[in-house]
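See below for the structure under consideration.
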Amino acid sequence: MAEKNVHKVIIIGSGPAGFTAAIYTARADLKPLVFEGHQPGGQLTITNEVENFPGFPEGVMGPELMENIRKQAQRFGADIRFQSVTNADLGRRPFVLTDDAGDEHLCETLIIATGASAKMLGLAEDKEFMGRGLSACATCDGFFFKGKDVMLVGGGDTALEEAMYLTRFSPQVTVVHRRDALRASKIMQERALKNEKIKFMWNSVITQLLGDADGKLRAVMIQDVKTDKVREIPTQGLFYAIGHEPNTALFKGLLDMDENGYIRTGDNSTKTNVEGVFACGDVQDHYYRQAISAAGSGCMAAIDAERYLAEHAT
Ligand code: NDP
């Protein structure tokens, strides 16, 4: 069923980018409607403590931070709904979005903040150990493993960049790669290969994660794909760095994207190639990927939408 009401702004996504856009547009009295999507609060809800978000000298738990930003948006009147958008028609004005209950929502501007998801290995224990020894973000969690040897899975640029970052804290970082050749750029390979704190375990895949009595990671089972031999290797820290996937399936064919599926935005703005549609946070940024940079671009999207509405006032 279609709503008659045409919203000034609809925001899709509920991570730091989406909720910051909601705070700004709500304070500008644009009464934003926010669709939270299937992971309310975004990637921060699967991390533990966040120590690098300004304003929290003692650190803050990821889920608590997101709950606070959510409440802040609601305080100014953002209408936040625990629903996903399943279809977007950007060829019409106003734009038409369909939610997972089949209802249609009309809007003059759309802010896309659907984020990206770190790829997981898909082991049965992934969920159990996430934040309890397993992490998909070295920049976020490396510090917690100060003085401890850690392992990291992947062979691309992200893996090597994160492995090098982890050597700041860990005496040894073992990179587990499923082949005997790295995918990463030559320059990154050279740097990583000559870093004495980084060790490589080639042709190897992790098949199982094992925990201690407190439910924290204590070891991994690793299989040599050439010999099929499986052995147990103790580790308290494991990082997945096997790539991210932007959550852009909804907009394929509708918006310009780069070769990896990230939405292209204009220089120093959040404008997409469709007027009135803005993108912010990790869905358009595979480079910085930080909560604070996502929040900053959410603010930019809100201001871009507000200015667009002022320029196109009927
Ligand atoms: P990539 O897709 O480039 O690499 C992913 C790596 O993870 C590959 O080595 C792949 O193995 C491995 N992998 C994927 N799935 C699995 C799995 N299920 N099990 C085990 N291993 C797996 O992703 P990145 O995030 O590294 O990079 C994405 C893009 O961003 C690239 O274009 C990269 O160049 C760019 N980038 C650039 C940086 C820079 O310039 N400073 C920094 C970071 C990223 P395999 O090789 O066998 O396929």
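The values are calculated or read from the model by the stated rules, or taken from the named source; none is laboratory data. This structure is a prediction, so every number in the text was calculated from the model and none was measured. FYI the Cβ positions are ideal-geometry reconstructions off the backbone, even for glycines, and counts take in every protein chain you see. Just the protein is used for accessible areas: all its heavy atoms, side chains included, with ligands, DNA and RNA removed. Shrake-Rupley method; radii C 1.70, N 1.55, O 1.52, S 1.80 Å.
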Looking only at region 219-246, and only at residues there that are open to solvent by 30 Å² or more (accessible area, probe 1.4 Å) and modelled with pLDDT under 95, the one that is nearest to Thr167 (Cα to Cα): His244
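Can you tell me how many residues within region 283-308 are within 17 Å of Ile263 (Cβ to Cβ), in contact with a strand residue (DSSP E or B) (Cβ under 9 Å, 6 or more places away or on another chain), outside any loop (DSSP other than H, G, I, E, B) and open to solvent by 20 Å² or more (accessible area, probe 1.4 Å)?
From region 283-308, those within 17 Å of Ile263 (Cβ to Cβ) are 283-289, 293-294, 296-298, 300-302, 304-305, 308; that's our starting set.
Still in the list and also in contact with a strand residue (DSSP E or B) (Cβ under 9 Å, 6 or more places away or on another chain): 283-286, 289, 297-298, 300-302, 304-305, 308.
Those left that are additionally outside any loop (DSSP other than H, G, I, E, B): 283, 297-298, 300-302, 304-305, 308.
Within this subset, residues satisfying the condition of being open to solvent by 20 Å² or more (accessible area, probe 1.4 Å) are 300, 304, 308.
Qualifying residue count for the region: 3.
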Only one of (1) β-branched (Val, Ile, Thr); (2) crowded, with 16+ Cβ neighbours inside 10 Å; (3) within 13 Å of the ligand (Cβ to nearest atom) fails for Ile187. Which number is that? (2)
Restrict the check to region 103-121 and report whether at least one residue is polar (S, T, N, Q) and without any contact (Cβ under 8 Å) to a residue 40 or more places away in the chain. no
Under the condition of being among the hydrophobic types (A, V, I, L, M, F, W, C) and within 6 Å of the ligand (Cβ to nearest atom), which residue from region 147-179 is farthest from Phe200 (Cα to Cα)? Ala159
Please list, ordered by first then second residue, the pairs with beta carbon atoms under 6 Å, 6 or more apart or interchain, first in region 138-165 and on the phi < 0 side of the Ramachandran plot, second within 10 Å of the ligand (Cβ to nearest atom) and part of a helix (DSSP H, G or I). Ala138/Glu162; Asp157/Met188; Leu160/Met188
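Go through region 76-92 and report how many residues are of a type in the set (Lys, Arg) and touching a residue at least 12 places away in the same chain (Cβ under 8 Å). First the steps, then the outcome.
So in region 76-92, the residues of a type in the set (Lys, Arg) come out as 81, 92.
Filter again for touching a residue at least 12 places away in the same chain (Cβ under 8 Å), leaving 81.
Going through region 76-92 one residue at a time, the tally reaches 1.
When you look at Glu67, is it closer than 30 Å to Gly133 by Cα and open to solvent by 60 Å² or more (accessible area, probe 1.4 Å), yes or no?
Details: closer than 30 Å to Gly133 by Cα: yes; open to solvent by 60 Å² or more (accessible area, probe 1.4 Å): yes.
Yes: the conditions hold for Glu67.
Any chance you could count how many residues in region 158-187 are out of contact with any Ser or Thr (no Cβ under 6 Å at 6 or more places or on another chain) and not in a loop (DSSP other than H, G, I, E, B)?
Matching residues across region 158-187 total 13.
With the requirement that a residue be part of a loop (DSSP other than H, G, I, E, B) and either under 19 Å from Val9 (Cβ atoms) or aliphatic (A, V, I, L, M) (or both), what does region 243-276 give you?
Applying the first criterion (part of a loop (DSSP other than H, G, I, E, B)) to region 243-276 yields 243, 247-248, 252-256, 258-262, 264-270, 272-276.
Across region 243-276, the qualifying residues are Leu254, Leu255, Thr265, Gly266, Ser269, Thr270, Thr272, Asn273, Val274, Glu275, Gly276.
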Looking at Asp267 and the list (1) surrounded by fewer than 16 Cβ atoms within 10 Å (Cβ to Cβ); (2) closer than 27 Å to Met164 by Cα, which single condition is not satisfied? (2)
